[in-house]
Ligand code: SF4
């Protein structure tokens, strides 16, 4: 029996807890999905670790009756929408997202009213209600392809991340794309000067930078001009995982939430990874602990549901996200 208030610091207790989690997951026919930003212990026992798109695809493809989502609330909602016949649990209901909270449904409806013919493209970091009012959902991995798939004469409302929106706009040179000024508190915290500082500190390293990062904006022209030939690569979290294994570089500076360093190091043990900022930790992602995951499986909490009409409307936008990659 574990005390939920006490961190599991003892190795034996942690191993026992992990084996109980495995056993409960097996008995309950559960699949454990973990985002790349989760703590190492959760990543290590998950059935699948990935980004929002990968986790959505795994949820949709899984035959398990129960999905335990170790990530933040909008991700569990997305799984619930894609898998109406499955039960979806999140170990902590307070695991939210500052980016998803940067636009609400009234704001989106007012914005749409100002641009009645526009196509709405929502980043996956949005609530189910926002997705239901959107034409397309996207991730950082396929935002460019989704925008490119929309006829050039169509106005686009892109939300809620201003930095991802600016990146896509720069790559497409699209003039009729309006961008919501939302941001993630973790990715917005890095000052632009850290890019050149990091490259000076680690001159042999490649810099892998997530397009949600605010520090990228002054470098957009440079990155586009160099067309990927420099040691500065803009890519999604799954893109970072791929790039780290394919690149001949042996050192990388990583500009995204620090949780991804665990997977990068685990999958590339001969390479070295440095965070661009060691403070880039998402307090919402870190709310999911082994103790809470244990409790979720034991007590069947916390059930994530989406009202049927909202889920029906949101599914179309999410299906487009999953199919365009
Ligand atoms: S890192 Fe930012 S975008 Fe990702 S879950 Fe945390 S607050 Fe949301």
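Throughout, read-outs are computed from the coordinates displayed, never taken from laboratory work. Computed from a predicted structure; not experimentally measured. Glycine gets a Cβ as well: all are built from the backbone with ideal geometry, and neighbour counts include every protein chain shown.
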| the range 187-275: C-alpha pair distances exceeding 23 Å, % | 14 percent
| task | Using label points projected 7 Å from each Cα along Cα→Cβ, tell me how many nm separate residue 308 and residue 189, to one decimal. | result | 4.3 nm
| field | Calculated [θ] (222 nm, deg cm²/dmol) that DSSP helices of n ≥ 4 give over the chain, each run adding -39,500 (n - 2.57) | value | -12000 deg cm²/dmol
| Is the chain rounded, prolate or oblate when judged by the Cα gyration tensor, a ≥ b ≥ c being the square roots of its eigenvalues, rounded requiring a/c under 1.5 and prolate requiring a/b larger than b/c? | oblate
| said: Place a point 7 Å from Cα of residue 105 in the direction of its Cβ. Which residues in the range 60-94 have their backbone N less than 17 Å from it? | reply: 74, 77-78, 81
| query | What is the packing order of peptides 118-131, 173-186, taking the mean over residues of other C-beta atoms within 10 Å and listing the highest first? | reply | 118-131, 173-186
| said: Applying a 10 Å radius around every beta-carbon, put 17-25, 268-276, 67-75 in order of their mean neighbour count, most first. | reply: 67-75, 17-25, 268-276
